[in-house]
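The values are calculated or read from the model by the stated rules, or taken from the named source; none is laboratory data. Source: prediction; values computed, not measured. Cβ coordinates were reconstructed from backbone atoms using ideal geometry, including for glycine residues, and neighbour counts include every protein chain displayed. We work out accessible area using only protein heavy atoms, side chains counted, and drop any ligands, DNA or RNA first. Shrake-Rupley method; radii C 1.70, N 1.55, O 1.52, S 1.80 Å.
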Amino acid sequence: MKILAITGSTRKNSSNYKILKFISENIKAEFEIEIFEDLAQIPHFNPDLDTENPPKEVEDFRNKINQADGVIICTPEYVFSLPGSLKNALEWCVSTTIFSNKNTGLITASASGEMAHEQLILIMKTVQAKLEQSTQLLIQGIRGKINEEGKIINEETETALESFICNFENQFLVSQDSSNSIK
């Protein structure tokens with residue numbers, strides 16, 4: 001199973017990147033995770049270019065989502081909102097169906113994160129991503145819960161991430177069982 005993990009931070013070695021690394025190292029072997037870190041390369045959303053001739057970076061991003069069996073987004077909150085680069089990338093997906101019914105996990109890891117988390121859920125519902133309450137996680141005060149090497153140093157956070165991973169994996173099993181019973 002291919003999972004595209006999108007970090008909402010453009011900062012190198014951000015806490016959000018470290019969380020996605022933790023997930024990729026702790027998820028079952030049958031899941032292959034690619035961490036997408038190129039949000040800064042995606043041009044500003046322009047509806048005039050959206051359907052006729054989207055930029056190559058946008059096509060590449062959309063293809064990665066389309067080819068993935070599932071998506072995990074891990075983002076910080078900037079000024080009580082989503083980072084502009086993440087929102088911009090998601091805006092390029094609104095006119096498509098690439099997120100429709102795709103298993104999606106959402107993590108907001110920031111100082112507070114409540115507003116960005118609510119906005120991310122709303123956007124992902126708008127693009128019809130398949131969301132489960134058990135694969136949505138808000139981690140507040142992230143900088144005190146992860147060290148420079150990317151080790152989770154807060155037991156509660158580590159347990160929450162392990163639970164997120166387990167729930168995300170189970171979301172696929174339920175989807176597969178549903179698909180098999182339909183046949």
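On alpha carbon coordinates alone, what is the Rg over Rh value for the range 1-124, Rh being the Kirkwood radius? It would help to have the intermediate numbers written out before the result.
Numbers: Rg = 13.9 Å, Rh = 14.7 Å.
Radius of gyration over Kirkwood radius for the range 1-124 works out to 0.94.
Consider just the alpha-carbon atoms of the range 61-183 and return their Rg together with their Dmax, both in angstrom.
According to the Cα coordinates of the range 61-183, Rg and Dmax are 15.2, 48 Å.
Taking a 25 Å limit on the Cα-Cα distance, which of the listed pairs LYS28/LYS151; LYS64/LYS145; LYS12/LYS130 fall beyond it? Walk me through the numbers before you get to the answer.
Values: LYS28/LYS151 19 Å; LYS64/LYS145 30 Å; LYS12/LYS130 29 Å.
Where the Cα-Cα span goes over 25 Å, the pairs concerned are LYS64/LYS145; LYS12/LYS130.
For VAL127, enumerate residues with amide H under 5 Å from its amide H, sequence gap 5+ or separate chain, H modeled in the peptide plane.
none
For labels at GLN133 and MET115 in the simple 7 Å Cα→Cβ model, what's the distance in nm?
For GLN133 paired with MET115, the spin-label model returns 2.6 nm.
Can you give the accessible area of THR104, probe radius 1.4 Å, in Å² rounded to 10?
Surface accessible to solvent at THR104 totals approximately 0 Å².
Cross-link candidates for LYS56: which aspartates and glutamates have Cα within less than 20 Å, leaving aside residues fewer than 8 places away along the same chain?
GLU34, GLU37, ASP38, ASP48, GLU91
Which whole-number percent gives the relative contact order of the chain, counting Cα pairs below 8 Å spaced six or more residues apart? Intermediate results must be reported in sequence, preceding the final value.
Details: 296 pairs, mean separation 41.6, N = 183.
Result for the chain is 23 percent.
Would you mind getting the accessible area per residue of the chain, heavy atoms of the protein chains only, 1.4 Å probe, in Å²? Don't skip to the answer; put the middle values down first.
On the way: 9640 Å² over 183 residues.
For the chain, the solvent-accessible area averages 53 Å² per residue.
Among PHE45, VAL58, ILE27, whose Cα sits farthest toward the positive end of the charge dipole of the range 8-81 (+1 at Cβ of Lys/Arg, -1 at Cβ of Asp/Glu, about the Cα centre)?
Farthest towards the positive end: ILE27.
Show LYS125, LYS18 ordered by accessible area, largest first, where the area counts protein heavy atoms only and the probe is 1.4 Å.
Final ranking, largest accessible area leading: LYS125, LYS18.
If you take every residue apart from GLN119 with its C-beta less than 14 Å away from the C-beta of GLN119, what net charge results, scoring Lys and Arg +1 and Asp and Glu -1?
On the way: positive: LYS87, LYS125; negative: GLU77, GLU91, GLU114, GLU118.
It works out to a net charge of -2.
Roughly how much of VAL79 is accessible, in Å² to the nearest 10, using a 1.4 Å probe?
The accessible area of VAL79 comes to roughly 130 Å².
Among the complete DSSP H segments of the chain, which ones combine at least 27 Å of alpha-carbon extent along their axis with a mean Kyte-Doolittle hydropathy of -0.5 or more? Provide the component values of the computation, followed by the final result.
Details: long enough: 155-182 (41 Å, -0.37).
What comes out of the filter, once short or polar helices are dropped, is 155-182.
Quick check: net charge around PHE168, other residues with Cβ under 12 Å of its Cβ, Lys/Arg +1 and Asp/Glu -1?
Values: positive: LYS28, LYS130; negative: ASP69, GLU132, GLU162, GLU169.
Cβ neighbours under 12 Å give a net charge of -2.
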